[in-house]
Amino acid sequence: MNKIEADNFFKKSKEIVNGFLQSVVFLDDEAYQYDNNKFPLNALLISNLFANEEKVCGIYNPQAKSGIHNFTAIAKKSDVVILDWNIIINELNESENVDYDADADEDDPRGKYTIPIIKELINSDGLKLIIVYTGESDLEGITDDIFNRLEHMKLDKDMCEIYSEYIKILVRHKSDDIEIDKQKFKSRPHLHDKIIQFTDLPAFVLDEFTKMTAGLLSNFALLSLSEIRNKLHKILSLFSKELDAAYLGDKVLRPIQNDAEDFLLKLFGDTVSDLLQYASIPQKIRNELIDAWIETFINDEQFSVNAKIFQRTKEFLKQLIYSEKEDIEERFDDAFGSTLSNKEKKAYRESKSTKLFLNIENHDKTEKINSEFAQLTHHKSLFLPQNTAPKLTLGTVIRSTKQDEQDRYFVCIQQKCDSIRLENEEPRRFLFLPLLKTDGDKFDIITKKGDKLKLEIKSYSLRTIKFKCNCDEKGVKGILSECGNYYTFTDIHKNIFEWILDLKDMHSQRIVTKYASELSRIGLDESEWLRIAGKKH
């Protein structure tokens, strides 16, 4: 690996994270105390250190349980949360809803407030770096204690780290003099790098957040979010309150007035997309990071393809990435040369291209990675909050729960305007096309569970199912199942269908268009000589 390029990728990623990170909050019962406490937190010093890095830093010293509750609400909105382990509060407010004592050992109140805060943070949506910054030296014991009281998290005890896909919890020792504090860990030198001096906190936070997000797509997302945030005043000026009358005037002129709000969504999305294009966000990824990514994450390795040895190198990948050939076959021919046969090259073009960008030990992840990227491209419901019921409309995919139909999926092709404005209990016939579960390479939709579904597009495939309006929004809303794990729709015959996902609008419309094309297909008898001759043109 070219260390300069690898360092360059992390450096560029860190610049992106630095532009994104805005807020850090501390909770420490010794903040703002200027006596001879053993581990005082110098709040003024720390806030100034983060201010020098253009970060908003809030430091809280709670005086009552209500302060813990308020801090937790603020922490959910912050990028980085730093917590003391042993928080002592003298004034107790017993009317609090959260039972902080439930997670505390009767004889050891340490973590009594910290654990509930962490639990709430990891249950909220969003990327979060949490640092337990303590004066205690039993870092591994604290890490174990936190891990044992959490669910669905992974543990790296040697690194004093607990993590999931979007959350990282680090246990670190607070210090105002590292050399003195190293004496506490004389018998455990492997923990010396877990001692973080106050003055090093901003750099440490930036490095750790960058480690969580250093990737091409995540850097793109952070760059985009930073640009949107930086141009918020411009966006608000475009969506000005001065235009309210024009918006309402447009609304009353529409045959279906509710379309005005859907139009606003599209308008806002287009505005953000235009903003990112003019800010050259895609070009920043393309021109500045791909080379460094390849140098950082790719090893030069030999691939075995049908008993042939193929040498995959960094330079080979760069040749593919930066090829100016618009013909994909020619592009791959240039890169592979005569190493592989045309059939083997075709396999890489059509289904194995992702493997080219994975080292051999990660090839077993290919299917998972492709599946998740595909979901990103066509699942609209990725942003549906867990406590929000889906609605039956164009692009909704459902699965029959009948014993003999459990592998039967259907996609709704009812236009949105015909899925709403129902009267209470009014039955409405909804149109569906079947989706056949397949293990083959050809499929149209992949579910979050990895089921591959192929659209049945024949003209006679159409299925109608009647549902009744069941909500104030004058549509058909999903009902949470008894176990609380998924939503269902029940038709007028009491057949139950499990909600699977909602497709993005353009994907849904494409399905409707394909079906309409099938319906408009003209079948006729004619001379075979004439039919074949027509194909030659």
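The values are calculated or read from the model by the stated rules, or taken from the named source; none is laboratory data. Since this is a predicted model, take the numbers as computed values, not measurements. Heads up, the Cβs are rebuilt from the backbone with ideal geometry, glycines too, and the neighbour counts pull from every protein chain shown.
A few points about this structure:
- Odd one out for T438, checked against (1) touching a residue at least 24 places away in the same chain (Cβ under 8 Å); (2) surrounded by 12 or more Cβ atoms within 10 Å (Cβ to Cβ); (3) within 30 Å of E350 (Cα to Cα): (1)
- Listed conditions (1) assigned to a helix (DSSP H, G or I); (2) hydrophobic (A, V, I, L, M, F, W, C); (3) not assigned by TED's automatic domain parsing to the domain that holds E161 are all met by V205, apart from (3).
- Matching residues in segment 470-494 - criterion: being of a type in the set (G, A, S) and out of contact with any strand residue (DSSP E or B) (no Cβ under 9 Å at 6 or more places or on another chain): G484
- Criterion: modelled with pLDDT of 95 or more and over 29 Å from the mean Cα position of the chain (by Cα) - qualifying residue of L422, L433: L433
- Restricting attention to segment 158-188 and to residues that are of a type in the set (D, E) and surrounded by 15 or more Cβ atoms within 10 Å (Cβ to Cβ), the residue that is modelled with the lowest pLDDT turns out to be D181.
- Here E261 fulfils each of the conditions (1) part of a helix (DSSP H, G or I); (2) over 29 Å from the mean Cα position of the chain (by Cα); (3) of a type outside the set (S, T, Y) apart from (2).
Here's the yes/no breakdown for (1) over 30 Å from V17 (Cβ atoms); (2) touching a residue at least 24 places away in the same chain (Cβ under 8 Å); (3) of a type outside the set (K, R); (4) surrounded by 13 or more Cβ atoms within 10 Å (Cβ to Cβ):
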{"residue": "I290", "(1), (2), (3), (4)": "no, yes, yes, yes"}
{"residue": "N299", "(1), (2), (3), (4)": "no, yes, yes, no"}
{"residue": "I309", "(1), (2), (3), (4)": "yes, no, yes, no"}
{"residue": "D327", "(1), (2), (3), (4)": "yes, no, yes, no"}
{"residue": "E330", "(1), (2), (3), (4)": "yes, no, yes, no"}
{"residue": "D333", "(1), (2), (3), (4)": "yes, no, yes, yes"}
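- Among the candidates K168, K119, the residue that is assigned to a strand (DSSP E or B) and in the same structural domain as V205 (by TED's automatic domain parsing) is uniquely K168.
- Only one entry of K368, K352, K325, K314 meets the criterion of being at pLDDT below 90 and either touching a His at 6+ places or on another chain (Cβ under 6 Å) or more than 30 Å from C417 (Cβ to Cβ) (or both), and that entry is K352.
- Any chance F239 is over 19 Å from I281 (Cβ atoms), in contact (Cβ under 8 Å) with a residue 40 or more places away in the chain and among the aromatic types (F, W, Y): no
- Cβ-Cβ distances below 6 Å connect the following pairs, each with a first residue in segment 365-378 that is touching a residue at least 12 places away in the same chain (Cβ under 8 Å), a second residue that is surrounded by fewer than 14 Cβ atoms within 10 Å (Cβ to Cβ), and a separation of six or more residues or different chains: S371/G450.
- T271 being touching a residue at least 60 places away in the same chain (Cβ under 8 Å), in a helix (DSSP H, G or I) and within 22 Å of A221 (Cβ to Cβ): no
- Unique match (being out of contact with any Ser or Thr (no Cβ under 9 Å at 6 or more places or on another chain), of a type in the set (D, E, K, R) and within 30 Å of G111 (Cβ to Cβ)) among K241, K194, K231: K194
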